[in-house]
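The values are calculated or read from the model by the stated rules, or taken from the named source; none is laboratory data. Just so you know, these numbers come straight off a predicted model, no measurement behind them. Neighbour counts are summed over all protein chains in view; Cβ atoms, including those assigned to glycine, are modelled from backbone coordinates with ideal geometry. Heavy atoms of the whole protein, side chains included, go into the accessibility calculation; ligands, DNA and RNA do not. Shrake-Rupley method; radii C 1.70, N 1.55, O 1.52, S 1.80 Å.
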Amino acid sequence: MAESMAGLKRTHRCTEVSEANIGQQITVMGWVQKSRNKGGIIFTDLRDRSGIIQIIFEVGEGDEFVDEATYAKAEGIRSEYVIAVTGKVIKRGGAANENLKTGTIEVRANSLRVLSEALTPPFPIEADSKTKEDIRLKYRYLDLRRPDIQKNLIMRSQVVGKIRNFLTDEGFLEIETPILCKSTPEGARDYLVPSRVHPGNFYALPQSPQLFKQLLMCSGYDRYYQIAKCFRDEDLRADRQPEFTQVDMELSFVDVDDVIDVNERLIKKIFKETIDVDVTLPIQRMTWNEAMNRFGSDKPDTRFGMELTDVSETVKNSEFVVFKSALENGGSVRGINVEGQAEMPRKKIDALVEFAKGYGAKGLAYLCVNSDGTYKSSFAKFLTEEELANLVKAMNGKAGDLLLFAADKNKVVFDVLGALRIEVAKQLDMIDNTKFNFLWVTEFPLLEWDEEEKRFVAVHHPFTMPMDEDLPLLDTDPGAVRAKAYDIVLNGTELGGGSVRIHQSDVQELMFEKIGFTKEEAYERFSFLLDAFKYGVPPHAGLAFGLDRIIMLMTGAESIRDVMAFPKVKDASCLLSNAPGTVDVKQLEELCIKVDLPAETEE
């Protein structure tokens with residue numbers, strides 16, 4: 001039966017006890033990790049969020065022993081029981097446990113209270129659990145007891161505290177913005193919330209505080225930040241959740257360099273003070289165009305080479321139909337050199353071909369440079385010896401290298417080779433996981449053509465300022481306009497991004513026009529922002545980075561779910577609470593909602 005802790009106070013967390021406390025009477029409380037009866041003496045590992053300390057129960061007289069009734073109670077404790085122990089700190093009797101912070105000491109108990117009994121948990125409460133994730137997430141309250149998950153969440157709390165302190169010292173004000181907002185469907189899908197008092201009307205949960213933080217600049221607050229909850233109804237990946245947290249900020253009277261400067265110093269601080277990693281400043285910058293041409297990605301992993309090479313000019317006269325048709329259709333032929341892998345088994349090369357097809361490729365051309373100077377290739381018979389030699393030279397190929405080529409429209413080629421480069425590097429263990437390679441990607445395209453909607457859409461959002469020198473191109477060549485936009489990338493993962501915002505009404509109206517909005521449509525969606533701009537708006541810029549993603553990379557976690565307390569799974573459901581779920585008909589009637597589910601299709 002559970003006992004009360006009345007009259008008892010915890011004096012220390014488990015690993016707050018050290019050799020300095022030897023001889024002292026202390027009280028510790030926590031969960032039983034394991035308990036071992038060695039015949040006349042019971043050894044119990046007690047765990048709390050700080051770690052583990054060993055408790056000894058032994059019958060005897062004096063304040064270093066327990067009576068027979070307490071010993072009998074100790075015999076009954078099991079894993080995950082919650083107990084309170086009072087006793088004397090002593091030097092550990094046996095050999096020290098170097099794996100524990102408290103490995104040189106132990107507590108000889110003289111009293112024990114069982115505060116709560118526990119069922120046998122469905123999986124061991126231990127680090128590096130091999131239990132399937134769906135089981136762990138179903139019992140997330142148990143999973144959260146595991147030391148590696150606790151370590152992640154403790155680090156997350158520490159990082160948030162350091163961010164708040166830094167930004168406050170930099171003159172930022174923490175201001176909360178609304179969660180119930182107006183839907184502005186331009187980009188990812190909104191989560192919608194029906195209004196009971198306004199039947200037929202809906203709020204949207206914010207995808208970001210974008211419009212409100214711009215309004216705060218209009219209101220003269222100069223520097224704003226928020227640890228903001230955001231929501232996007234989109235397909236999930238390992239580093240994406242339907243609800244997530246971002247460090248959101250906006251600054252007035254600044255340009256690109258000012259925003260980058262404050263964020264570089266913030267990153268340097270949290271990495272040094274949390275995981276003792278020195279981030280060299282300034283962080284490297286690379287234009288979007290260079291990133292795509294070199295790495296096939298706007299979030300390149302720069303921890304290894306194997307960069308893309310454009311061989312379009314080299315093969316332009318080739319009769320190989322794959323290369324020829326790609327170039328005739330305005331595309332390109334590019335390749336990567338997998339050095340020293342000419343002997344890669346055909347089965348593995350075929351697997352890479354299938355991998356490439358998953359990213360839109362029709363196939364993947366390969367060429368092995370044999371040690372005797374001959375070639376093994378999927379297309380060698382279509383090229384002359386001279387053309388093959390020139391191609392190998394263009395790729396900086398040498399004996400023993402494997403050359404992989406994609407030929408198609410540029411977007412497909414970049415997608416394929418960008419992903420293939422990462423896949424090959426992982427397979428060949430080319431990536432140094434001890435490195436933290438930061439990179440700013442700048443000068444993104446302002447607009448991109450949407451084939452489905454037959455119009456330009458904003459690459460970031462429609463409030464992004466064009467590069468000053470590209471403003472005239474908005475009228476003549478919108479697709480060529482670069483944005484004053486910047487993303488921060490770490491080890492191939494986009495941590496966040498931002499831009500200088502448009503603050504001139506004529507530029508904003510032209511931007512809306514280029515993405516297909518009439519003036520009326522623009523006002524219908526964004527009237528409260530556009531009206532505010534009529535009353536004096538300062539030049540402003542901002543950035544938001546994903547807190548969950550940065551903690552995932554700092555901790556080395558494999559999934560973003562390992563750094564969030566209660567995450568969703570890939571279908572956006574919560575295995576713990578079974579959300580989302582149905583609601584009472586009465587609730588729907590109050591909201592004037594009728595659910596009309598699609599008919600189930602027979603398989």
Scanning for something more than 13 Å from the chain's Cα centre (by Cα) and assigned to a strand (DSSP E or B), does the stretch 526-541 turn up at least one residue?
-> yes
When the stretch 183-198 is checked residue by residue, the ones that are free of Cβ contacts under 8 Å to residues at least 24 places away in the same chain and under 18 Å from residue 233 (Cα atoms) are 183, 185, 192, 193
Checked the stretch 350-369 for anything among the hydrophobic types (A, V, I, L, M, F, W, C), under 17 Å from residue 422 (Cβ atoms) and touching a residue at least 40 places away in the same chain (Cβ under 8 Å); matches are 352, 355, 356, 361, 364
Filter the stretch 493-509 down to residues that are in a helix (DSSP H, G or I) and over 14 Å from residue 526 (Cα atoms) and give me whichever is modelled with the highest pLDDT.
-> 507
Would a scan of the stretch 183-193 turn up a residue that is at positive phi and under 23 Å from the mean Cα position of the chain (by Cα)?
-> yes
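Residue by residue, here is whether (1) free of Cβ contacts under 8 Å to residues at least 12 places away in the same chain; (2) open to solvent by less than 70 Å² (accessible area, probe 1.4 Å); (3) outside any strand (DSSP E or B) holds:
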| position | (1), (2), (3) |
| --- | --- |
| 166 | no, yes, yes |
| 200 | no, yes, yes |
| 221 | no, no, yes |
| 225 | no, yes, no |
How do the strands (runs of 3 or more DSSP E) wholly within the stretch 393-464 filter down when requiring 1 or more residues that are open to solvent by 30 Å² or more (accessible area, probe 1.4 Å): which remain?
-> 447-450, 455-458
Name, by its number, the condition in (1) among the small types (Gly, Ala, Ser); (2) open to solvent by 10 Å² or more (accessible area, probe 1.4 Å); (3) over 17 Å from residue 423 (Cβ atoms) that does not hold for residue 297.
-> (3)
Positions within the stretch 33-72 being hydroxyl-bearing (Ser, Thr, Tyr) and within 16 Å of residue 87 (Cβ to Cβ), in sequence order | 35, 44, 70, 71
Picked from the stretch 271-290 (must be of a type in the set (Val, Ile, Thr) and open to solvent by less than 70 Å² (accessible area, probe 1.4 Å)), the residue nearest to residue 446 (Cα to Cα) is 287
Every residue from the stretch 267-315 that is touching a residue at least 24 places away in the same chain (Cβ under 8 Å), in contact with a Leu (Cβ under 7 Å, 6 or more places away or on another chain) and assigned to a helix (DSSP H, G or I) = 295
Which of the following residues is under 30 Å from residue 76 (Cα atoms), open to solvent by less than 50 Å² (accessible area, probe 1.4 Å) and among the aromatic types (Phe, Trp, Tyr): 172, 123?
-> 123
Of the numbered conditions (1) open to solvent by 40 Å² or more (accessible area, probe 1.4 Å); (2) of a type outside the set (A, V, I, L, M, F, W, C); (3) at pLDDT below 95; (4) assigned to a loop (DSSP other than H, G, I, E, B), residue 577 satisfies every one except a single condition; which is it?
-> (3)
When restricted to 151, 229, 213, the only residue open to solvent by 80 Å² or more (accessible area, probe 1.4 Å), modelled with pLDDT of 95 or more and closer than 30 Å to residue 521 by Cβ is 229
If you go through the stretch 241-255 one residue at a time, do you hit one that is open to solvent by 20 Å² or more (accessible area, probe 1.4 Å) and in a strand (DSSP E or B)?
-> yes
Among residues of the stretch 523-556 being among the charged types (D, E, K, R) and open to solvent by 20 Å² or more (accessible area, probe 1.4 Å), the residue nearest to residue 181 (Cα to Cα) is 525
